[in-house]
Amino acid sequence: MDVVILPTAADVGAHAADLVAAHIARKPDTVLGVATGSSPVGIYRELARRQQEGALDLGGIRCFALDEYVGLPPGHPGSYATFLEREVARPFRLPRSRVRLPDGRAGDLERACEDYERAIAEAGGIDLQILGIGTNGHIGFNEPVSSLSSRTRVKALSAQTRTDNARFFADDEEVPTHCVTQGLGTILEARQVVLVAQGERKASAVAAAVEGPVSSMCPASVLQFHRRATVVLDEPAAGGLA
Ligand code: F6R
């Protein structure tokens, strides 16, 4: 696992964007795994800016989301479909068909999970997966004690995650209780992984992921098994490292 520590959150976004852009330059039809939430926004804005300036062509990529909430109506402002439309599809000028998410509204969620795994496989697998990390060490919505070899499935969100994500909803009650998430086994199959974390509130989860034992208590620690994982941190997020 490579760990890169940079002074500011803006530096984290720019450095991670360099890694993604280098991949796309080598492979214009890159299959990109896209995290949602606050952490990757700087990467997406930087990539969109580079395309705007003519330094990068994002037109050939396809994107797969890590996760989606269960049960939110179409167009809900807190849904990851809405997030990816706003932060990825529109700024990258990608047709909606090139940005896929698990179907959190499917009648048969188990089947939707299988369909999602199949769609990723049919796309040739994920070339580069962008990740954030939860304050409890989750990646995707693989909460503590997730199976280290899990596949895309329905998960209950932990109380900690529901509290952390309440900022994206009108009130606490509105935060969904369940999600569909790629599993840790799914994430480990990505050919390259770039995890970004900013801010002191991520410091203990980052330390457990990078320096702790590999344990389902800190799901991100499974990335210690990945052959090509880069963790890009600002100084506050790196504050718990030895
Ligand atoms: C998002 C995701 C989550 C977030 C994590 C950090 O698709 O799967 O693992 O990356 O909860 O969220 P932020 O970046 O909002 O702190």
Exercise. Could you tell me whether residue 47 is more than 16 Å from residue 126 (Cα to Cα), in a helix (DSSP H, G or I), of a type in the set (A, V, I, L, M, F, W, C) and more than 16 Å from the ligand (Cβ to nearest atom)?
Key: yes
Test residue 67 against the criterion of being surrounded by fewer than 20 Cβ atoms within 10 Å (Cβ to Cβ), modelled with pLDDT of 95 or more and either of a type in the set (Asp, Glu) or closer than 30 Å to residue 170 by Cα (or both), and give yes or no. no
Going through the range 70-103 in order, the residues found to be of a type in the set (Lys, Arg), exposed (fewer than 14 other Cβ atoms within 10 Å of the Cβ) and within 16 Å of residue 180 (Cα to Cα) are none
* Examine the range 54-61 for a residue that is surrounded by fewer than 21 Cβ atoms within 10 Å (Cβ to Cβ), outside any loop (DSSP other than H, G, I, E, B) and modelled with pLDDT of 95 or more, and state whether such a residue exists. => no
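So that you can scan it fast, the table gives a plain yes or no per residue for (1) polar (S, T, N, Q); (2) within 26 Å of residue 184 (Cα to Cα); (3) in contact with a Ser or Thr (Cβ under 7 Å, 6 or more places away or on another chain):
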site	(1), (2), (3)
16	no, yes, no
19	no, yes, yes
33	no, yes, no
36	yes, yes, no
54	no, no, no
When the range 152-164 is checked residue by residue, the ones that are surrounded by fewer than 21 Cβ atoms within 10 Å (Cβ to Cβ) and under 15 Å from the mean Cα position of the chain (by Cα) are 161
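A quick yes/no check of all residues on (1) closer than 13 Å to residue 196 by Cβ; (2) charged (D, E, K, R); (3) within 18 Å of the chain's Cα centre (by Cα):
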| residue | (1), (2), (3) |
| --- | --- |
| 22 | no, no, no |
| 29 | no, yes, no |
| 34 | yes, no, yes |
| 42 | yes, no, yes |
| 70 | no, no, yes |
Condition set assigned to a helix (DSSP H, G or I) and within 16 Å of the ligand (Cβ to nearest atom), scope the range 26-44, selection surrounded by the most Cβ atoms within 10 Å (Cβ to Cβ): answer is 43
Quiz item: Do the conditions hold for residue 45, that is, is it without any contact (Cβ under 8 Å) to a residue 12 or more places away in the chain and closer than 13 Å to residue 92 by Cα?
Solution: no
Regarding residue 16, is this residue in contact with a Gly (Cβ under 7 Å, 6 or more places away or on another chain), small (Gly, Ala, Ser) and either at positive phi or in contact (Cβ under 8 Å) with a residue 60 or more places away in the chain (or both)? no
Original post:
Has the range 2-25 got any residue that is at pLDDT 95 or above, in a loop (DSSP other than H, G, I, E, B) and touching a helix residue (DSSP H, G or I) at 6+ places or on another chain (Cβ under 8 Å)?
Top reply: no
Scanning the range 78-100 residue by residue, the ones that are more than 17 Å from residue 119 (Cα to Cα), of a type outside the set (Asp, Glu) and in contact (Cβ under 8 Å) with a residue 40 or more places away in the chain total 8
In the set 218, 179, the lone residue that is at pLDDT 95 or above, buried (at least 17 other Cβ atoms within 10 Å of the Cβ) and touching a Phe, Trp or Tyr at 6+ places or on another chain (Cβ under 8 Å) is 179
With the condition kept exactly as written, say whether any residue in the range 111-126 is surrounded by fewer than 22 Cβ atoms within 10 Å (Cβ to Cβ) and over 19 Å from residue 186 (Cβ atoms).
-> no
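The values are calculated or read from the model by the stated rules, or taken from the named source; none is laboratory data. It should be emphasised that the depicted structure is a prediction, and the values quoted were computed from it without experimental measurement. With ideal geometry, Cβ positions are generated from the backbone for all residues, glycine too; neighbour counts draw on all protein chains shown.
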